[in-house]
Each structure stands twice: as C-alpha cells, then as structure tokens.
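The values are calculated or read from the model by the stated rules, or taken from the named source; none is laboratory data. Since this is a predicted model, take the numbers as computed values, not measurements. Cβ sites come from the backbone with ideal geometry, for glycine too, and all protein chains shown count toward neighbours. Areas reflect the complete protein model, heavy atoms only, side chains present, ligands, DNA and RNA absent. Shrake-Rupley method; radii C 1.70, N 1.55, O 1.52, S 1.80 Å.
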There are 2 protein chains.
Amino acid sequence: MTTSSPLGLHRVIEPPGVLPQAAWQLDASPAIAPDEVRVRVDRLNLDAASYRQIREAYAGDPGKIRAAVLDIIATRGKMQNPVTGSGGMLTGTVEEAGPSSPLGLKPGQRIATLVSLTLTPLAITGGLSHWDAQSEQVPCEGHAILFARSIAAVLPDDLPIPLSLAVLDVCGAPALTRRVVKQGAVVVIIGAAGKSGSLSAAAARQSGAAKVIGVVPTEAEAQLLRNLPTTQESPLADEIVIADARDPVGLAEKVQAAGGPGDVTVVCVDVAGCEGGAILSTAQGGTVIFFSMATSFSAAALGAEGMAADVTMLVGNGYVPGHAELALELVRTTPSVRRLFDMRTGS
Amino acid sequence: MTTSSPLGLHRVIEPPGVLPQAAWQLDASPAIAPDEVRVRVDRLNLDAASYRQIREAYAGDPGKIRAAVLDIIATRGKMQNPVTGSGGMLTGTVEEAGPSSPLGLKPGQRIATLVSLTLTPLAITGGLSHWDAQSEQVPCEGHAILFARSIAAVLPDDLPIPLSLAVLDVCGAPALTRRVVKQGAVVVIIGAAGKSGSLSAAAARQSGAAKVIGVVPTEAEAQLLRNLPTTQESPLADEIVIADARDPVGLAEKVQAAGGPGDVTVVCVDVAGCEGGAILSTAQGGTVIFFSMATSFSAAALGAEGMAADVTMLVGNGYVPGHAELALELVRTTPSVRRLFDMRTGS
C-alpha cells in the first residue's frame, strides 16, 4: 500500500479502479494507511433486505445462515450481500487512528459507522458463534477499516445504544429537512410517526416552520402521535392527516383540508408509489424531499411533468455535514421524538 | 360530465379516483368541458421503448403492429403501452378551445403536446392506414383532449417541425439548468453532444457559467463538438473531456484535470450507472441534476452517502414554466446548438 485514497481506492482488489462500493473484493488487512482508522468490531447491523434474503435462502437454518455471512465476508473483504447488493452498518471501538486521519477519532471511543458495510473493509474472527441468526443484529469479533472520507459517529454516553443507532440510521433526513425548510413554511411530513419522519418534523420546527402537517396511514398511528408529550406550546405535528400516501388525489385533498399544500413535503415512508401524492400535496414552486428508498426516479420525474407541477424534487442524500450531532440533539431536546424512539427501540 | 378537474380526473373511467396517468381507461369523448381543448391529431410520436416492445412482440409484422396500437387506444382511451407503461407525444391542430381553458390556444394553431400520451384522452379513426409501422412516427387521424393543466407548445413557423419536436422533447433540461446555474459557476455537462446536453450547455452559458466542461464518450463525439460553429467568443463547451461516465474514478479525474469539479453537474445521458461519476465530479456543496431516465434513485442516494458527498441532487423535472419558449429560443440564437439539432434531425 503506497499511497492511500480518501475514498479507499487503494483497498480495491477486484475489479481494479472502481469505487469500494462497486468492488467485488476489498483488501481488509489490518495495517492502516496514515489517513485510515482501524476499528475493533463488536456488532454488525445487517440491512433488513439482506438479512431476509439470506434467511429465506437457507430456510432459517442458523448454522447455514452463519456460514453464508462468514463466507461473504471472507470472500469479499466486506459484508455486501451479492443478491441484494446491500450491507448495513457496524459498531465497535477505535483501535488505531492514523496520524493524518481527518475523522477526529481516538482509540477507545465507541463508534457506529454511518457509511455502508458495502464499502467498509471487514474481517471477522471467531465464527459468529454468539449470533443466533434469528435477527439482523450480529454480535461478532473482528476489525474494520475507515477511510478518510468514511463517516462514523461517536456513540453518546447519555443515550441507550439501540436508540442512538436507530437515530443515526436516519440522521440524514432531519439534517436535509432543516436545510431546506425556511421560516414560516408549511411542511408536510409523509410518515410522521416513523423514525425519519418524526425527526424531520422536529427539524422543520427548528427551522421555523409555521405549520407541520403529519401524514400517517392509520388511526392507530394518529393516536400515537396525539398521545406524545409536547414541548412548551407546540406538538410534533400541528395537524394530523390519516391517508393512504399511494392515493395521490385522496392524499392531496386531505392535506389541502388540513392547511396545505406544503411548501416542503418530506417523504419518509418506505412504500412504493408515493411520488404522485407527494408532488400533488406540494405548492407550485415548492420542494419535495424523497427519503424513501422505494422512490422511483422515473415516477417522480414523469409524475411532476404530467401534472405540470413546478416543484423542486430532491434525492434524499444520507450525508449532510453535522447530521449525526443534529439528530442526536433533536432526540435529546424533543420529548415527543424521544418517546417515539424509546417505544420503537424498546428502551 | 358535470364539473371538470384541471388534472383530468373527470375523464378517468377505470379505476375511479386515480390520476389519468395511473388509469386503465380514460373517457376520450370529443365534447369538451369549459376548461378543456380538443385537438385534431395528425401524428403520434410513440415512446421508443413502447414501439420497440410492440414491434418485437409481433415480429415486425406491420398489420399486427397497427392492430395492436389501435387496440390499445380503443380499449384504454389513451396510448399507453400496458407492458412498458410508456406513451409518447402527439402533434395536431387546435379544433376547439373551451372558454375557460388557461392554455391560451386558438383554433387552427399547430401544436405539440408536452405531457405524455399516457394521460391524454385519445381516439383514432381511419385505422392507421398511412403508418408503415416501421418507425415510432405514426401518421394518423383522430382527436385528443387537453386538460387545464396539460402542457402544449405552439409549433413555431420558423423552424422545421422535426427540429421543433426534438427540442420540445428535452426542453425541461435547459430550463432547470438555467434556474440552477449561478453566475461564475463551473458546469459539467455529461453528454454534451446530445440534444438535452447541448441545450443545457447553452443554458448554463446564458446563466453566466464561468466554465462549461462537456463530457462525451468518444473521440468522434468530441470532434463533433469541436467542429461546431461558435457564438462570438465562446464555444458550446470550454473544455471537452472524453470519458466513460460509468467509471466514477476515471470520469472525476478527467473532469478535475479539465478545471473541475463542477459547481453544477448535469447528467444528460440515458445510460445506467452514471450516478457515482456525476457525484464525484461535483464539488462539495454543489448540485447534480439528473435528467437521465436511467438514473437509479438508490444508487444516487447511497452513492452520495458512501462518498460523504455533500451535494444537492435534483430529480430532473420535465416541467419548468416557460421551458418550451426558452429551449426554442436557445436553438434559434445558438449556432452550435442549431447545427447539432439539424444534424440529429436530418434537417
């Protein structure tokens, strides 16, 4: 390893010249370059789609599931499911930080990676013997490498780890929402009772939104939102709309009746077919932020064109500088969001 | 038909309550609501993917291809290929404009629709007997209905019709580019020798771009760009880069060497796998506009996150107010763009 690349190009074995995420195989050897960090890994959090695929492929047999995951990591030097293409993230402790690493990490710090396992060099020892293979949470021993442009967050001492991980998993959404929402805006959050949705609602409030309209699919979710604690004067959502986000006309009419359309609409539900409803619930000149991985690029582009909708449509980028700190601070300071996360992570 | 909807909801037969694009069947009856316009259709321009699917399904047999298209239109009340889901556009002459139509059209005007055939009520008479079924250009007789929020452009007298249609087909790209590019910006156009790419380059120049870097895949395309006429002092692209846009590292290095990264990068090539290269060719804090329908939403979102790239990523909305007029004006006033379109449309 002569010169290292901030993107990790020097760790790519096969095929040469591609980015680590696109690579078939990475070099996961433990010696670090001056701008790298080595982490002692204690847990993998597999992407849900990846875990499901492996579990189904081996009919739930724990031994075979463990062997399959071990084989992928040993073969590829990273945990990237060859069928789904997806990875997950990990937690661990900083073991060694190179002198020119810009990540600001120190040995002994407990961290979570915010970049995907699909691009993180990883080696496992000990055969995953502590994993029952019944969930995507994989206790393990081994090491991983962070590049200069990898992203990792130090896990805070004052929050339960499952809660912090759940917050970090979606921390791009509130950061981008806060950047886009302007003082006095009407903001529609589709999926307001979910993790990214509730954080985005709190971020919109922090940006000075005049009104937050929370869309949920069921009366049960609406009830959940209504029963949350409120900060001083304002609830998480000023108006709660129960609607099927896949029904553009129905959704837009209900949002309209609740004080819409939105100047900004944030799509936080991982359900296909929400593009039209989001566009139609947004004012001309407004912005739609798509955070759902179920978003169809062509449905969004053609849908807006077909409705002569002059809306700015953003691909929800999971990286915004400072996103982890912002999201953790929101969960600390917003009782309603904290309650939701406590419920959803079983804290 | 009692009350009409600007989006055409009143024309939806099956299933009720959905948008016209999502409908299985539309009501194409010729009587218009006060805010509608009826057009005498003379030509359909089928979406290339749709035409290819039908041609292949019927092994190129002209009689069967004609019958298949007629059957779709008769059954659905619109030309939407049930397999590909796509449509196309049409040209025709305004026959009757309702008194409250906001489109500003007058009987006798020759127009092209800028909304998809997938949401346009359409009826065909005369059996497509003038269509040889050898191309997606379908001479025909019949009528179509425009809603209040449909978009149509009057075909100009001073430009050949094939040229105008080619310009209108991609007119969203230069309009959004002009809106996003700021004075003094470095702009990277991926696919600069193409239709949407060349118009976007001209639009970037009009917005005051300091430097336009045009990316093309081959030396032949580069030569084509170099040989275009220039306006006063500036060529269409200040720098020409020959690179494979699917190779993120290779592309970004060449763009860098040519004066990049871009403050704005515009993706105008309909090739899958260009997301990473576009992101990596863009400066932190910059913007990527994806106009390619081959764009993968998840590849863009995960790619930016994986590279810790703080870039704003826009879904290229085909509708921006004034887009048709802007694009036609660009082709009139930019000799290089005019030459490219003349070559590509055989004028």
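Taken over the range A:118-137, the residue count meeting the criterion of being assigned to a strand (DSSP E or B) and either under 18 Å from the mean Cα position of the chain (by Cα) or surrounded by fewer than 20 Cβ atoms within 10 Å (Cβ to Cβ) (or both) is 3. Annotation note: of B:Gly197, B:Gly191, B:Gly214, the sole residue that is without any contact (Cβ under 8 Å) to a residue 40 or more places away in the chain and closer than 30 Å to A:Gly303 by Cα is B:Gly214.
Residues of the range B:106-117 that are open to solvent by 20 Å² or more (accessible area, probe 1.4 Å) and at pLDDT 95 or above: B:Lys106, B:Pro107, B:Gly108, B:Gln109, B:Arg110. If you go through the range B:271-287 and pick out every residue that is in contact (Cβ under 8 Å) with a residue 60 or more places away in the chain and closer than 13 Å to B:Arg246 by Cβ, you end up with 4. Considered as a group, the residues in the range A:194-214 that are out of contact with any Gly (no Cβ under 7 Å at 6 or more places or on another chain) and not in a helix (DSSP H, G or I) include one that is surrounded by the fewest Cβ atoms within 10 Å (Cβ to Cβ), and that residue is A:Ser207. Taking A:Gly63 as the residue in question, decide whether it is touching a strand residue (DSSP E or B) at 6+ places or on another chain (Cβ under 9 Å) and outside any loop (DSSP other than H, G, I, E, B). No. Checking each residue in the range B:14-31 for being assigned to a loop (DSSP other than H, G, I, E, B) and surrounded by 13 or more Cβ atoms within 10 Å (Cβ to Cβ) picks out B:Val18, B:Leu19, B:Ala23, B:Trp24, B:Asp27, B:Ala28, B:Ser29, B:Pro30. Within the range A:327-347, if we keep just the residues that are of a type in the set (Val, Ile, Thr) and under 14 Å from A:Thr177 (Cβ atoms), the residue that is surrounded by the most Cβ atoms within 10 Å (Cβ to Cβ) turns out to be A:Val337. For B:Ile72, the conditions (1) open to solvent by 10 Å² or more (accessible area, probe 1.4 Å); (2) in contact (Cβ under 8 Å) with a residue 24 or more places away in the chain all hold with the exception of (2). Here is the figure for the range A:24-59: residues that are under 20 Å from A:Leu70 (Cα atoms), within 14 Å of another protein chain (Cβ to nearest Cβ) and at pLDDT 95 or above total 1. Only residues that are of a type in the set (Phe, Trp, Tyr) and touching an Asp or Glu at 6+ places or on another chain (Cβ under 8 Å): list them for the range B:51-76, please. If the condition is that a residue be of a type in the set (Phe, Trp, Tyr) and touching an Asp or Glu at 6+ places or on another chain (Cβ under 8 Å), then B:Tyr51 is the only one that fits.
Looking at B:Pro321, B:Pro335, just one residue is closer than 17 Å to A:Glu305 by Cα and not aromatic (Phe, Trp, Tyr), and that residue is B:Pro321. Tell me yes or no: at least one residue of the range B:85-94 is assigned to a loop (DSSP other than H, G, I, E, B), under 19 Å from B:Arg11 (Cα atoms) and touching a residue at least 40 places away in the same chain (Cβ under 8 Å). Yes, the range B:85-94 contains a residue that is assigned to a loop (DSSP other than H, G, I, E, B), under 19 Å from B:Arg11 (Cα atoms) and touching a residue at least 40 places away in the same chain (Cβ under 8 Å).
Give the number of residues within the range B:5-22 that are in contact (Cβ under 8 Å) with a residue 24 or more places away in the chain and within 14 Å of chain A (Cβ to nearest Cβ). Let's see the steps before the verdict.
Of the range B:5-22, the ones in contact (Cβ under 8 Å) with a residue 24 or more places away in the chain are B:5-8, B:11, B:13, B:19-21.
Next, only the ones that are within 14 Å of chain A (Cβ to nearest Cβ) stay: B:5-8, B:11, B:19-21.
Residues that pass the stated criteria total 8.
Would the range A:241-263 turn up any residue that is under 16 Å from A:Ala202 (Cβ atoms) and within 24 Å of the chain's Cα centre (by Cα)?
So in the range A:241-263, the residues under 16 Å from A:Ala202 (Cβ atoms) come out as none.
So far as the range A:241-263 goes, no, none of its residues is under 16 Å from A:Ala202 (Cβ atoms) and within 24 Å of the chain's Cα centre (by Cα).
Please go through the range A:182-193 and give me each residue that is surrounded by 20 or more Cβ atoms within 10 Å (Cβ to Cβ) and over 20 Å from the mean Cα position of the chain (by Cα), ordered by number. Give the derivation first.
So the first thing to find is which residues in the range A:182-193 are surrounded by 20 or more Cβ atoms within 10 Å (Cβ to Cβ), and the list is A:185-193.
Result: A:Ala185, A:Val186, A:Val187.
Scanning the range B:216-223 for residues that are open to solvent by 50 Å² or more (accessible area, probe 1.4 Å), over 26 Å from A:Pro15 (Cβ atoms) and at pLDDT below 95 turns up nothing. All of A:Thr265, A:Thr230, A:Thr282 fail the test of being farther than 25 Å from B:Val12 by Cβ and hydroxyl-bearing (Ser, Thr, Tyr), apart from A:Thr230.
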